[in-house]
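Participant: Mind having a look at this structure? Questions to follow.
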């Protein structure tokens, strides 16, 4: 099975990561990817994601394992950034490869809902020179509940 869970502190190139992921997956009929980036607007100057190192990567790997158990995949890739990022910078990349597109779509969707809602990250944003914490949204909790 191709792919892995990666936790990065430096910027990454999502196109290159996706290229490396797909190069060994010629048997996959569908490859679905989701890229989350720091949103521009609302005066946001920066986003910071902090985490508890002994928990975060093992939890991401455990999530990847649950995704692989639930869907028939040829590959799965989960990359998540931490640290300070500016608008337009990638935060997260999830890619799922499967023989059939529905498995790939569902696997990527499930992984993102769980990364977003079972987050092992503390988030804050800088607006007008001031940092403020970001709390989970109701929609994030509802998105997670649909998988129960």
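Participant: Give the residues of segment 69-107 that are out of contact with any helix residue (DSSP H, G or I) (no Cβ under 8 Å at 6 or more places or on another chain), in contact (Cβ under 8 Å) with a residue 60 or more places away in the chain, closer than 30 Å to residue 41 by Cα and outside any strand (DSSP E or B), sorted by residue number.
Facilitator: Those that are out of contact with any helix residue (DSSP H, G or I) (no Cβ under 8 Å at 6 or more places or on another chain), in contact (Cβ under 8 Å) with a residue 60 or more places away in the chain, closer than 30 Å to residue 41 by Cα and outside any strand (DSSP E or B): 89, 105.
Participant: Then there's this: Any residue that is crowded, with 16+ Cβ neighbours inside 10 Å, within 23 Å of residue 17 (Cβ to Cβ) and at pLDDT 95 or above - is there at least one of those in segment 49-61?
Facilitator: The answer is yes, given that some residue of segment 49-61 is crowded, with 16+ Cβ neighbours inside 10 Å, within 23 Å of residue 17 (Cβ to Cβ) and at pLDDT 95 or above.
Participant: Here's a follow-up. When the residues of segment 125-140 are narrowed to those that are surrounded by fewer than 16 Cβ atoms within 10 Å (Cβ to Cβ) and assigned to a strand (DSSP E or B), which ends up nearest to the chain's Cα centre (by Cα)?
Facilitator: Among residues in segment 125-140 that are surrounded by fewer than 16 Cβ atoms within 10 Å (Cβ to Cβ) and assigned to a strand (DSSP E or B), the one nearest to the chain's Cα centre (by Cα) is 134.
Participant: Among strands (runs of 3 or more DSSP E) lying entirely in segment 1-68, which contain 2 or more residues that are more than 26 Å from residue 135 (Cβ to Cβ) and in contact with a strand residue (DSSP E or B) (Cβ under 8 Å, 6 or more places away or on another chain)?
Facilitator: Filter on segment 1-68 gives 30-37.
The values are calculated or read from the model by the stated rules, or taken from the named source; none is laboratory data. All figures in this text were calculated on a predicted structure; none of them were measured in a lab. Please note: Cβ atoms are built from the backbone with ideal geometry, for glycine as well, and neighbour counts cover all protein chains shown.
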